[in-house]
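Below is one structure, written out as structure tokens; the observations come after it.
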Amino acid sequence: MSSGWKNSGLMKSSKSKLWFLLAPALVFLILPLYGMFAAVRSSINGNQGLTFTYYVQLFQSERFLSSIAFSVRTSLVATVIAIIIGLIITRLFHTYLDKTTPRLSVWLPMLFPHFVWGYLVILLLAETGLIAQIFLVVGWIDGTGQFPVLTRDPYGLGIIITYVWKEIPFVILMLLPIYSSIPTSYYDLVKTLGGRSWEQFRTVEWPHIQPVLIETFLILFSFTLTAYEVPALLGTTFPEMISVLSYQWFYGGILEERPLAFASMVFVSIVILTLTLAGYFYMNRRRMRAMRGRL
Amino acid sequence: MKRFYFLLFVSIFLLIGCGNTNEQSSNSFDEITSQPWSEIEEAADGTTVRLYMWGGDEGINQYLDEWAIPHLKEKYNITLERVPMDTVKILQKLQTEKKANKQDGTIDIIWINGENFKNAKKNNLLAGSFTDKLPNFNKYYQTDDPALTTDFGTPVEGMEAPWGKVQFVFHYDESKIDEPPASFAQLQEWIKSHPGKFTYPNATDFTGNAFLRHVLYAKADQPSDIYNEPLDEEAISGTANKMWGYLNNIEPDLWRSGEHYPNSLTELDKLYSQGEVWMTMGYNEARAESLIEQGVFPETTKSFVMEPGSIGNTHFLSIPFNSPNVKGALTTINYLLSPEAQLAKYKPNYWGENTPISLEKLSEEMRKKFKAVDRGDSVISQQKLEESFLPESEAAYVEWMEEQWFNEVVQE
């Protein structure tokens, strides 16, 4: 009886402690959560109560569908390339990167905001940019018209280049601690058993880095999918990235289009949320299996 | 735990407290405007006035920073603060404040016209009618001139005061083009024979939209079929089809084969200054002057207008519903409408734009000063401007154009 008292008392205090610990997070979440709630509400609020017409309108709009396809493709390509290059660099150089100076040089690009980086890409790669001018002087091209269109182009090349360039350091930042924590004895074991570089990667590194890679992918993909500034600077008139389109619907001066902006952003949020949950459950399942020794 | 509940209650009370300040009566604006003018001016002494306006033009910003702000300080002891912001965003901000019932805003004056005025008026974002109170407006302006009483087809009803008047012109580089096209048909020929040397800004851009409306005017039997009629999509479908036909016809020979349109006039200006394209355009017939002086445009830049004419409009200053300093705002607007402020704005060194003031109402001396202003070589003659003047169509055309251009030209 007395122990029961004690127990429930403990439970209670730990519960209220939990509330205290959560309170700061809740305070910070009030605004974003309210924003999210207001966006959902504006996207389903018709003249007479609840309506899904905006979503129907959205999925009938060719402009929206091409925008979604373009955004997903561009973000996917940029993220995958950044991860592959970041992984290769980390693999090759992680022993050097443990020292401070080389590490700082890799992270230098992180100091610049995305917008500045996008502008640098324009200054370098536009048809009247620095590289085109150099090509012209050297004589590789006869006029700036011959230089390939790399910025404000319909394939999103400019956007992809900017993000790849900018996110590689982030990939390295995420992978470096993992690589430096892998005990060298694992490698020795693979070598003793006659394994080559590929086996080393597959059996030693991959199980370690896979969860981080999934995490990095999710962060970069959702960031690129919803970013505004770089696509607005480097994107073309059509197709547009989804955030540029939503911005135009929101600020376009046509008040009837405003709910479409909310609907499209809510849709994108749902996509990202689904992806994150899928990643979470996938990793959890692996963890459970690993705990039962069935990896 | 107790402490947690305490904090919760305190924050709830604070939130409720914040929302409880909307007791101010809504007719206080009428009360203020019914006071004698001298009292309004006296009360404005020593106050701060915040003017929110589009900040994308250096000449305009310089006019305010280097001329208007010091003169206001000297004459009325008013501190004018210029806050650069896109007009649509200003309205967005007001709309949010309206929703939150915030009666004490941060904006005293907004620079506004066209669809923005229409939307602001429709959503009750403006304080009310005030122009008949302004001494300078009544004394020096033709108060019943349709160019001042309607704004893109929307009746002004005294809710905004005319600050300036501009007309749309095209710019070209004389060293590259001998004879600019005189009509849209000739422009089409010119584009065909000079592929990649012409483009126009996106339809969501103010200037790009105006270019498109010129094409619409040109394809109608009479321009007045458009500007005298409210938007009726069915009635103009024939004209609209001719316009889309024209635009699609020139598209392959535009800069970058029409795959990308400049997002803004600034982007087009940049292409022009780099020699990528040979023509640019814009509202304000004297726009090129300050750009030439700054070395952005080549010195051989000249202007031209084409048949059937050039669209002109008036732009205005207005007071939002929750201006914290109405008296300061009234005094400032009245001063910005005065002959000396208009004269300084007319001179090409800062802004160089035309004035809505009636020259015949000015004193002999002042009229001479206006006539003596040399607007610069790139500005076409006042007579030519007046001959080719076309009024603005109803604001609904602007929105219609924004939407349809995308479907008809870009996605095709």
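Take the accessible area of chain B alone and of chain A alone, subtract that of the pair, and you get about 2500 Å² summed over both chains, using a 1.4 Å probe.
If I stretch the segment between B:T48 and B:D144 completely, what's the gain in nm (0.36 nm per residue apart, minus their alpha carbon distance), one decimal?
Working: separation 96, 0.36 × 96 = 34.56 nm, distance 3.19 nm.
Roughly 31.4 nm would be gained on extension.
Once the Kirkwood radius over Cα pairs is known for the protein assembly as shown, the Stokes-Einstein relation at 4 °C and 1.567 mPa s delivers a diffusion coefficient of 44 µm²/s. Holding the Cα-Cα limit at 28 Å, pick out from B:K75/B:K270; B:K197/B:K302; A:K166/B:K197; B:K98/B:K165 the pairs that are longer than that. With Cα atoms farther than 28 Å apart: B:K75/B:K270; A:K166/B:K197; B:K98/B:K165. Straight-line cross-link reach from B:K219 at under 12 Å between alpha-carbon atoms covers these aspartates and glutamates, not counting any fewer than eight positions away in the same chain: B:E307.
Let me check I've understood the local charge: for B:W54, count other residues with C-beta under 13 angstrom from its C-beta, Lys and Arg +1, Asp and Glu -1. What total comes out? Let's see the in-between values first.
Values: positive: B:R82, B:K89; negative: B:D57, B:E58, B:D86, B:D205.
The answer is -2.
On the beta carbon distance between B:E81 and A:Q48, with R0 = 35 Å, the FRET formula returns roughly 0.20. Oblate is the label for the stretch B:266-412, because the ratio a/c of its alpha-carbon gyration tensor axes (a ≥ b ≥ c) is 1.5 or higher and a/b is not greater than b/c.
Around B:P262, what is the net charge, scoring Lys/Arg as +1 and Asp/Glu as -1 over all other residues with Cβ under 13 Å from its Cβ?
Values: positive: A:R152, B:R256, B:K270; negative: B:D205, B:E259, B:E267, B:D269, B:E276.
Residues near B:P262 contribute -2 overall.
Our note on the geometry: Cα centres of the stretch B:72-105 and the stretch B:194-231, 32 Å apart. Counting only Cα atoms, I'd like the Rg/Rh figure for chain A, Kirkwood definition for Rh. Checking Rg against Rh, the ratio lands at 1.07. Compared with its chain on its own, the stretch B:199-220 contains no residue whose accessible area drops by 40 Å² or more in the full protein assembly (probe 1.4 Å; ligands, DNA and RNA excluded).
Using a 1.4 Å probe on the protein chains only, how many percent of the accessible area of the stretch B:292-412 belongs to carbon and sulfur?
On the stretch B:292-412, the fraction of accessible area on carbon and sulfur atoms equals 44 percent.
Translational D (Stokes-Einstein, µm²/s) of the stretch B:62-125 at 37 °C and 0.692 mPa s when Rh comes from the Kirkwood sum over C-alpha pairs? The diffusion coefficient I find is 245 µm²/s. DSSP beta bridges confined to the protein assembly as shown are antiparallel in about 70 percent of cases. In the stretch A:150-167, burial by the other protein chains removes 10 Å² or more of 1.4 Å probe accessible surface, compared with the chain on its own, from A:R152, A:P154. Greater than 30 Å separation of Cα atoms is the criterion. Which listed pairs, B:K73/B:K361; B:K99/B:K327; B:K118/B:K242; B:K89/B:K139, meet it? Flagged as over cut-off: B:K89/B:K139. Considering every alpha-carbon pair of chain B, the percent of pairs per 20 Å bin, from zero through the bin containing the longest distance, is 25, 53, 20, 3, 0. Take every Cα pair under 8 Å whose residues are at least 6 apart in sequence, average their separation, divide by the length of the stretch B:27-95, and the relative contact order is 39 percent. Where q = 0.10, 0.23 Å⁻¹, what log10 of I(q)/I(0) comes from the Debye formula for the stretch A:133-223, counting one point per Cα? Log-scaled intensity ratios, in q order: -0.51, -1.13.
Express the relative contact order of chain A as a whole percentage, based on alpha carbon pairs under 8 Å and six or more residues apart in sequence. Walk me through the numbers on the way to the answer.
Values: 260 pairs, mean separation 75.7, N = 295.
Taking the mean separation of contacting Cα pairs over the length of chain A, I get 26 percent.
Please list B:F170, A:F281 in order of solvent-accessible area, largest first, computed with a 1.4 Å probe with all protein chains present. Write down the numbers at each step before the final one.
On the way: B:F170 10, A:F281 125 Å².
These residues rank, largest area first, as A:F281, B:F170.
Residues whose amide H falls under 5 Å from that of B:V49, counting only those 5 or more places apart or on a different chain, are B:T79, B:L80, B:E81, with hydrogens built in the peptide plane. Of interest is the spacing of the C-alpha centroids, which for the stretch A:59-92 and the stretch A:178-228 amounts to 21 Å.
Assuming R0 = 25 Å, can you tell me the calculated FRET efficiency for the pair B:Q411 and B:Q188, based on Cβ-Cβ distance, to the nearest 0.05? Numbers along the way, then the final one.
Values: r = 22 Å, r/R0 = 0.87.
Here the calculated transfer efficiency is 0.70.
Average accessible surface for the protein assembly as shown: 50 Å² per residue, computed with a 1.4 Å probe over protein heavy atoms with every protein chain in place. Between the stretch B:351-412 and the stretch A:93-122, the alpha-carbon centres lie 50 Å apart. Considering only B:G309, B:G153, B:G376, the mean-square fluctuation computed in a Gaussian network model of chain B, springs between alpha carbons under 10 angstrom, is largest for B:G376.
Sort B:R82, A:R41, B:R213 by heavy-atom solvent-accessible area, probe 1.4 angstrom, most to least. Don't skip to the end; give the middle numbers.
Values: B:R82 60, A:R41 110, B:R213 0 Å².
Order by accessible area, largest first: A:R41, B:R82, B:R213.
The values are calculated or read from the model by the stated rules, or taken from the named source; none is laboratory data. Quick caveat, the model's predicted, so the values are computed rather than measured. Positions of Cβ are generated from backbone atoms using ideal geometry, with glycine treated the same way; all protein chains shown enter the neighbour counts. Side chains included, ligands, DNA and RNA excluded: accessible areas come from the protein's heavy atoms. Shrake-Rupley method; radii C 1.70, N 1.55, O 1.52, S 1.80 Å.
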